[in-house]
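This report concerns only the one structure given below.
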Amino acid sequence: MNKLMVSFFIALMLVGCSSNNSMTSDGDHVESTPEQSAETVLPSPTLPPSAEPLPTPSKQKTEAYLDTEKLKTNFGFADAEGRNILVTGHEKGLDQEMAQLNEAIGDQGNVLKVKFNKWQDGTENSNGREMAHNFVNLAGYLFTVEEASATPDETYYLTDQTDFKVDALLPIESLEGQEALSTVEESVRQRIVDTKKREIQKIWKLADLSTDRQLYLVQFVRLDQDMLFSLVWKEKDEFTFMDYPAVIQGDEYSVWRVDDGGEVMPEMFSILFAAETSEGPLLGLNWWGSEGVNTFFLKKEGDSFKEMDIQYGRYTSPL
């Protein structure tokens, strides 16, 4: 073997040895194991904070809030078949405005698609009662219920779907009768007594709105001529009150409403809807009396509720 062939053979051996060794950051050589030489596993790339993957849409938490600034006073009630809703309380000539309304919300947050039909002229046959039996005789804006059907004689709030986010509505499970009485925990009763510094005469749970939200009706013990009842919203350990004080002045049978007998009962109240706003819950409530029903909105402000200017009344006195 000549010198040229020997030099070539030695070069090949050096190349083979260097392929099975690696260099550390300090310049030292370390020998690779057979497994490392057979398969190289690359580490997962580390993303900078700004490039972290987003959660999938199904797991993203979306917050839907009702904008109370967009709410207007458009109320009506359903006919006996639940096919039409008549918006009353407005003058004639608002067809363009009414044509924008396409949803009716009521009867515990039930949402119906509606379409403006026409202005309905009243007739001389009207008895003045805003009830289903007098529906065709009343003046107002007539809407057709396009999906399902409305609950006859129930009050509905009409709105544009772009102004009222239905995703903000809260589920409502109303309680009635003995169930409304028996489901009030003693800790709730005592907390209300301690807060108002006044004994309770009767207390009812009107509704569950989720696992940690409830609505109560409370009538307090009479103090001389002073009367008081409250609607109480409980959310976890927080209590928010809407108080209705009254002073008896001669007629003890008509305290808050005509012929109310100086007492409130859960049958007097029904929930139009409950919704979430950025400031807390908004409640749409119906308060039935012997001569009619009043519909009003309660908005949470701080640690109490306040009645909004959006209100509606129907005269329903029996004939």
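The values are calculated or read from the model by the stated rules, or taken from the named source; none is laboratory data. Just so we're clear, the structure is a prediction, and the values are computed from it rather than from any experiment. As a convention, Cβ positions derive from the backbone with ideal geometry for all residues, glycine included, and neighbour counts pool all protein chains shown. All accessible areas refer to the heavy atoms of the entire protein, side chains included, with ligands and DNA or RNA removed. Shrake-Rupley method; radii C 1.70, N 1.55, O 1.52, S 1.80 Å.
Points worth noting:
- Remark: the stretch 182-312 projects, on average over all directions, an area of 8.2 nm² (convex hull of Cα atoms).
- Debye intensity ratio in log₁₀ form over the Cα atoms of the stretch 119-167, taken at each q of 0.14, 0.18, 0.25, 0.30 Å⁻¹: -0.47, -0.71, -1.08, -1.25
- Estimated dipole of the stretch 205-319 in Debye, rounded to 20 [Cβ of Lys and Arg +1, of Asp and Glu -1, Cα centre]: 300
- Checking the cross-link pairs LYS165/LYS196; LYS118/LYS165; LYS118/LYS205; LYS165/LYS202 against a 31 Å limit on the alpha carbon distance flags LYS165/LYS196; LYS118/LYS205; LYS165/LYS202 as lying beyond it.
- Applying 1/(1 + (r/R0)^6) with r as the Cβ-Cβ distance of ASP194 and GLU238 and R0 = 22 angstrom yields a FRET efficiency of 0.95.
- This model, with +1 at the C-beta of Lys and Arg and -1 at the C-beta of Asp and Glu, gives the stretch 105-166 a dipole about its Cα centre of some 100 debye.
- Put simply, the Cα atoms of the stretch 162-206 extend 45, 25, 15 Å along their principal axes, the longest span coming first.
- Value of relative contact order over the stretch 211-254, rounded to a whole percent, pairs C-alpha under 8 Å and six or more apart: 34
- Gyration tensor analysis over the Cα atoms of the stretch 149-238 returns equivalent ellipsoid semi-axes of 30, 16, 14 Å (largest first, whole Å).
- Global form of the stretch 68-117, assessed from the alpha-carbon gyration tensor, a/c cut-off 1.5: oblate
- Short-range pairs are left out: with C-alpha atoms under 8 Å and at least six residues apart, the relative contact order of the stretch 195-319 is 14 percent.
- SER254 contributes about 40 Å² of solvent-accessible surface, heavy atoms of the protein only, 1.4 Å probe.
- Net length gained if the chain between GLN249 and ALA80 were fully extended (0.36 nm per residue, minus Cα distance): 56.9 nm
- Using bins of 10 Å that start at zero, the share of Cα-Cα pairs per bin across the stretch 233-301 amounts to 17, 43, 29, 10, 0, in whole %.
- The equivalent ellipsoid that matches the C-alpha gyration tensor of the stretch 74-164 spans semi-axes of 20, 16, 10 angstrom, in descending order.
- Gain in span if fully extended, ASN127 to LYS165, counting 0.36 nm per residue against the direct Cα distance: 10.0 nm
- Protection proxy ranking, peptides 151-164, 288-301, average beta carbon neighbours within 10 Å, highest first: 151-164, 288-301
- About its Cα centre, the dipole of the stretch 60-130 is roughly 200 debye, where the only charges are +1 on Lys and Arg Cβ and -1 on Asp and Glu Cβ.
- Mean separation of Cα contacts under 8 Å, 6 or more apart, over the residue count of the stretch 246-319: relative contact order %: 20
- In this simple spin-label approximation, GLU267 and GLU307 carry label points 7 Å from Cα along the Cα→Cβ vector, and these lie 2.4 nm apart.
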